[in-house]
């Protein structure tokens, strides 16, 4: 079977302006979700025409941001795709639809559910680091603890390093070993907490948190030191920075119940930061204007169809997803132990039964869509 591979514009090798694609807002202005969806619509219709299969049923799939695109594609181009499977798609993480603290509350709950001690150690480490970072002796101690490749000058870099580790580990808390973002063992949140809990009483809290965070960056054990300041873009997220400063404005703050330091969110501060970085200001409420989201259960029940929203509650992004059925054909498949678009990962012999069942349900639902579609095509034929 022939395969056609395509990429979202401005990601991977799909650079519309070559090396100048990221040069300025004039070129980056073509990096939008709406134009990306139009690209996919043109591709699909062209393929069907070239293959002489104008009535072939099309189902679109996507996870994370791709899941958002899949659901929006079904709503915006129902004549092109007759169904969509949107995994870990936080289409309700905009405006005030979802509580702003929900993401980091969910990350914290993942760790707290494994070990209260683990949660408390991580919750306390930020204040300890800040206190040590206020004097030269403390900075030197932090440098030794983190085995940095060069002298640590900014406590913020260390905080970001650890914050990323704990957040991404919660997202990828898969029941089997995986290398989606980094090489990690099965149930990495549990493994991080085991590391923290194994320390003797009275051990330094920064040492505990560092050892746990190292699991994310160095589970393979081949790293001799860690670069905690700056770095490259190993996951290709440069384009997302632009999108997060133009249309994808997902407000988030950190509550006092979280294991992270409390913080707020300000549209005004986001606007100033984006203007400093890109010379543009966000369209704060564009996504809900373009695709909807407010009162989605009532709205989609009236006109939508054939969408599967799948979420795992170990994934902090699930809190901004569709978590209950909207209609008979707009279905929410939710697993308590699932992580970020787990259902889209390759099947393994170690997959737990609930993952296997979730995928089986998805296949069964899609088959039903296709059967109905083909029936409708046959009935309209002369």
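Rule-based calculations on the coordinates, nothing more; no lab input. Not measured: the values here are computed from a predicted model. Positions of Cβ are backbone-derived with ideal geometry, glycine not excepted, and every protein chain shown enters the neighbour counts.
Segment 339-370 to segment 278-293: how many Å between their Cα centroids?
Segment 339-370 and segment 278-293 have Cα centres separated by 33 Å.
In the set (1) 40, 25, 20; (2) 96, 25, 16; (3) 34, 21, 20, which value of semi-axes √(5λ) of the Cα gyration tensor in Å was calculated from the structure you see?
Computed from the coordinates, semi-axes √(5λ) of the Cα gyration tensor in Å corresponds to (1).
Can you figure out the FRET efficiency of residue 164 with residue 49, using R₀ = 35 Å and their beta-carbon distance, to the nearest 0.05?
After rounding to 0.05, the efficiency reads 0.20.
Hey, what did the chain get for relative contact order, percent, Cα under 8 Å, at least 6 apart?
Answer for the chain is 22 percent.
Rounded to the nearest 5, what % of DSSP beta bridges with both residues in the chain are antiparallel?
For the chain, the DSSP antiparallel bridge percentage is about 10.
On a 0 to 90° scale, report how tilted helix 33-50 is relative to the longest principal axis of the chain, with both axes built from alpha carbons and the result rounded to the nearest 10.
40
Ordered by packing density, taken as the mean number of other Cβ atoms within 10 Å over each peptide's residues, highest first, how do 195-204, 80-89 rank? Mind showing how you got there, number by number?
Values: 195-204: 12.1, 80-89: 25.4.
For the peptides 195-204, 80-89, the packing ranking is 80-89, 195-204.
Once the Cα atoms of helix 353-380 and of the chain are each reduced to a long axis, what angle between those two axes, in degrees from 0 to 90 to the nearest 10, is obtained?
It works out to around 20 degrees.
Just 131, 244, 178 to compare: in a GNM of the chain, with alpha carbon springs under 10 Å, which one fluctuates most?
Per the Cα network of the chain with a 10 Å cutoff, 131 tops the list.
Once the piece of chain linking residue 302 and residue 361 is laid out straight, how much longer is it, given 0.36 nm per residue of separation minus the C-alpha distance between them?
Extra length available between residue 302 and residue 361 comes to 18.8 nm.
For every helix of n ≥ 4 consecutive DSSP H residues, a contribution of -39,500 (n - 2.57) applies; sum these over the chain, divide by its total residues, and give [θ] at 222 nm rounded to the nearest 500 deg cm²/dmol. It would help to have the intermediate numbers written out before the result.
On the way: 14 runs with 175 residues, N = 382.
Estimated from H runs of four or more residues: -14500 deg cm²/dmol.
Expressed as a rounded percentage, what relative contact order does segment 58-118 have, with Cα pairs under 8 Å and six or more residues apart?
Numbers: 67 pairs, mean separation 18.1, N = 61.
Computed over segment 58-118, the figure is 30 percent.
Angle, helix 102-114 long axis vs. longest principal axis of the chain, Cα atoms, 0 to 90°, nearest 10?
Roughly 60 degrees between the two axes.
Over every pair of different alpha-carbon atoms in segment 277-382, take the mean of 1/r and invert it; report that Kirkwood radius in Å.
One decimal place: 16.4 Å for the Kirkwood radius.
Roughly speaking, what is the centre-to-centre gap between segment 13-59 and segment 72-136 when only Cα atoms are used, to the nearest Å?
Taking the Cα centre of each part, segment 13-59 and segment 72-136 sit 29 Å apart.
Take 281, 74 and order them by how many other Cβ atoms sit within 10 Å, fewest up front.
281, 74
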